[in-house]
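Data first, discussion second: the structure below is written as structure tokens.
Every number here is computed from the coordinates shown, using simple stated rules; none is lab data. Predicted model only: the values in this text are computed from it and were never measured. Here the Cβ positions follow ideal geometry from the backbone for every residue, glycine too, while neighbour counts run over all protein chains shown.
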Amino acid sequence: MRKNLLLIIAITFVITGCQKESTNDKVMQIINRKIYTEASIDSISTLITSSNDLTKEQVNALRMEVGNFIREYAEHLCDSLNERLNSPSLSPKETQELLRDINNMVESSDITGIGIFKVEGYVTYDISPIFIADIFRNYLSTEEYEFAQIEQEEMQQPSNIDAEVTISYQEVADRLWRCERLMSSDSITNDLRISLKPYINTYMIIMIYGADNTPAFDWDTHAMSQDAKDALLNYVSEHPDSECSKTFKEYIAVLEKSKYYESQATRTFYFNYLRNN
């Protein structure tokens, strides 16, 4: 009798254990179904944000899987919209319906993390880094979440587009300091350091030489713009011991010799930085 009771308990334990699926399993079941809908994304978000059983390895893998799932959804959306948009027989009523659908998708970005917009006659998308970070907020370190915020800021307002600086030099300096400060954190992982490096290089290049279509030096006079000069000097003054300031101090020494005019020495400094970074 005792043996039978123990057997029943064991079987019950096994059945209960099988029935209790992990968050990772539940999420992957949705992803593997490949049913790309707003509801699927919402279910994935709800499962992960309300969970506490994911390992670091599972979080790393799921962030990629969830990102790819949302990207597939966005691709399906854009393909469908572009097919309608490029239809030669698009009626005024159909155009109205299309614009309504695009507007609805823009409004649903809080659920999907997808930004829909038109570029040169076709619809494309971007995916909010902070949206995905928020799904995994309970599992991310402070540094990982801050990096997502840096990505989000650059996505929403790029520092340069088509080789043209699109924000002020002071804003570039502020973004650079945020990256540099994060890079110097004692808790930062090596993977995060690698991810931060391109952002730092981008901001450093702008601070040193601007961009091809909007250089830091005037096209005609070759004088350094006051905004670029002020941002450079302020950075060194405010963060004198930072790694980037060490490079800027060397550059300022070169600029002082040319009285802040573009010269062969300033160009050499710039190309050396590009070559070494």
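Among all lysine pairs in the chain that are eight or more places apart or on different chains, how many have alpha carbons less than 24 angstrom apart?
17
Which whole-Hz couplings ³J(HN,Hα) result when phi for each residue of region 78-87 is put into the Karplus expression 6.51 cos²θ - 1.76 cosθ + 1.60, θ = phi - 60°, listed in order with x for Gly and Pro?
Computed from phi, the couplings for region 78-87 are 5, 4, 5, 5, 5, 4, 6, 5, 9, 5 Hz.
Which whole-Hz couplings ³J(HN,Hα) result when phi for each residue of region 189-194 is put into the Karplus expression 6.51 cos²θ - 1.76 cosθ + 1.60, θ = phi - 60°, listed in order with x for Gly and Pro?
Residue by residue, region 189-194 yields 8, 5, 4, 5, 4, 5 Hz.
Springs between alpha-carbon atoms under 10 Å, Gaussian network over the chain: tell me which of S87, S22, S225 tops the mean-square fluctuations.
S87
Quick one: angle between helix 23-33 and the longest Cα principal axis of the chain, in degrees between 0 and 90, rounded to 10, please.
Taking the Cα atoms of the chain, the angle to 23-33 is about 90 degrees.
Can you tell me which of P129, P198, P215 moves the most in a GNM of the chain? Springs connect C-alpha atoms under 10 Å apart.
In the Gaussian network model the winner is P198.
Between D230, D42, D241, where does the largest GNM mean-square fluctuation fall for the chain, given springs only between Cα atoms within less than 10 Å?
Among D230, D42, D241, the largest mean-square fluctuation in the Gaussian network model of the chain belongs to D241.
Alpha carbon centre of region 167-244 versus region 53-73: separation in Å?
Result: 32 Å between the Cα centres.
Quick one: if the Förster radius is 45 Å, what FRET efficiency do A223 and N277 give, using the C-beta to C-beta distance and rounding to 0.05?
0.95
Mind checking the dipole of the chain: about its Cα centre, +1 per Lys or Arg Cβ, -1 per Asp or Glu Cβ, Debye to the nearest 20?
My answer is approximately 1080 debye.
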